[in-house]
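See structure below.
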Amino acid sequence: MTGPVQNDAHDGVQDNPYGVYVPGSRDSLPWLPPPLLDDHPLVPWAEESHAGQWVDVDHALDQVKQFEQCLRRLPEMILPKVDTGHLVVVTGPVGMGKTTLIHRCVHLARQHLEYFRQQPRAGAGRAGVIQPPTPYVAMTGGYDNRANGISTDARGQFASTQDINTALRNKIVDELGDQFPEKSLQRVRDEEEVHEAFRLLSRLLAQQDALLLVLVPHMDWRDDMGSVRTDFLRTCLKHARSRIVLFVEVCHHDPDRAHEVVDEIWPNSALTHLKLGSLTSEDTVKFSQAARGEHPDPDAPVHSGEWLTSDVRQLRKAYFSIAEERRRTGGEVRVAAADLGTPVLDVSAMARNPAAAAGRPVPRQP
């Protein structure tokens with residue numbers, strides 16, 4: 001789901017077009033060329049350059065359009081008498097861009113609200129008229145959405161669902177510390193019943209005329225049958241009170257099993273399910289063409305099926321590796337099909353994702 005970065009060269013050296021800036025790095029290190037990574041989710045709402053790097057692979061654009069339907073239900077999320085927020089569940093294999101898709105949805109939600117905030121508002125200033133809320137983002141697992149400190153207890157064991165929800169509540173309060181009155185947030189933190197704490201949080205958001213977008217980190221559930229994950233999703237639905245939208249990742253190498261986890265609580269008007277699968281040969285062509293807005297190598301096929309990658313993360317890393325080597329040696333930063341060798345068996349990739357048995361492309365040896 002990640003394409004090339006469009007950036008300026010430093011000291012006459014061309015940047016790697018497949019690298020990704022860490023959000024905030026360019027502002028935090030103005031005296032030093034910011035680092036480029038080969039593996040980082042795209043966060044367009046926090047890093048402007050990320051907006052132009054997104055590529056529609058695995059029909060991700062269809063999932064984005066489905067989320068846009070969710071935005072049409074925004075009035076239901078902020079009307080106090082309705083008292084319902086929304087839960088967005090993203091399922092798919094490891095490395096297929098679930099976190100990037102969530103960040104893109106957050107970006108669209110913020111753009112959606114900003115558009116209405118800039119429009120002339122009928123009834124502005126009139127008592128009882130609800131204006132477009134200010135969006136706040138709570139990243140409980142950082143930009144890469146990891147569950148460090150949430151999914152495990154003090155002994156390093158996998159935590160109970162109740163403890164996970166408590167830790168999630170505390171992370172949200174921490175994230176909002178600079179935005180809301182300390183006394184009000186402390187009440188949310190001190191509430192022993194987590195579900196009641198989210199009700200208090202919902203009230204606080206209404207008082208501050210805000211909408212909260214919560215990124216619930218991906219957790220490595222120790223439950224192959226999926227019942228624990230389903231129970232956790234049920235608690236997330238309870239947490240989705242008025243003015244609260246939660247985004248949850250569900251990862252499984254078997255797409256049908258991941259869907260079954262969600263289907264246990266489907267259908268529900270407060271739930272949107274976005275689905276990602278595996279790459280196709282068409283997807284790898286899209287990724288290649290995004291490099292310069294045209295075919296990267298007009299004299300050869302962009303990609304052949306014999307080295308189709310298992311996920312977009314490995315595709316990006318392979319491209320970055322080749323481009324980086326050429327950049328360092330002063331060559332043209334350009335990657336074509338001929339630069340990539342046949343797939344090799346990657347044991348680490350298989351451990352991370354059993355569906356990765358097809359291998360991943362590697363730089364062609366000279």
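If I go through the stretch 274-288 residue by residue, how many of them are open to solvent by 10 Å² or more (accessible area, probe 1.4 Å) and in a strand (DSSP E or B)? Total satisfying the criteria: 1.
Every residue in the stretch 180-225 that is among the aromatic types (Phe, Trp, Tyr) and at pLDDT 95 or above, please. Show your work before the answer.
In the first step, residues of the stretch 180-225 are kept if they are among the aromatic types (Phe, Trp, Tyr); the result is 180, 198, 221.
Residue satisfying the conditions is Phe198 alone.
With the condition kept exactly as written, say whether any residue in the stretch 108-115 is of a type in the set (S, T, N, Q) and either modelled with pLDDT of 90 or more or open to solvent by 70 Å² or more (accessible area, probe 1.4 Å) (or both). Yes, the stretch 108-115 contains a residue that is of a type in the set (S, T, N, Q) and either modelled with pLDDT of 90 or more or open to solvent by 70 Å² or more (accessible area, probe 1.4 Å) (or both).
Could you check, for the stretch 57-80, whether at least one of its residues is in a loop (DSSP other than H, G, I, E, B), more than 26 Å from Leu212 (Cβ to Cβ) and not hydrophobic (A, V, I, L, M, F, W, C)? First the steps, then the outcome.
Here is the first cut: in the stretch 57-80, the ones in a loop (DSSP other than H, G, I, E, B) are 57-59, 72-73, 79-80.
Next, from what is left, pick out any that are more than 26 Å from Leu212 (Cβ to Cβ): 57-59.
In the following step, the residues that additionally are not hydrophobic (A, V, I, L, M, F, W, C) were identified as 58-59.
Checking the stretch 57-80: at least one residue is in a loop (DSSP other than H, G, I, E, B), more than 26 Å from Leu212 (Cβ to Cβ) and not hydrophobic (A, V, I, L, M, F, W, C).
May I ask you to say which residue of Val250, Val245, Val261, Val216 is more than 22 Å from Ala109 (Cβ to Cβ), assigned by the TED database to the domain that holds Ile78 and crowded, with 17+ Cβ neighbours inside 10 Å? Full working, then the answer.
On the way: Val250 fails: more than 22 Å from Ala109 (Cβ to Cβ); Val245 fails: more than 22 Å from Ala109 (Cβ to Cβ); Val216 fails: more than 22 Å from Ala109 (Cβ to Cβ).
It is Val261.
The values are calculated or read from the model by the stated rules, or taken from the named source; none is laboratory data. Just so you know, these numbers come straight off a predicted model, no measurement behind them. Counting neighbours? That spans all protein chains shown, and the Cβs are built from the backbone with ideal geometry, glycine included. Areas reflect the complete protein model, heavy atoms only, side chains present, ligands, DNA and RNA absent. Shrake-Rupley method; radii C 1.70, N 1.55, O 1.52, S 1.80 Å.
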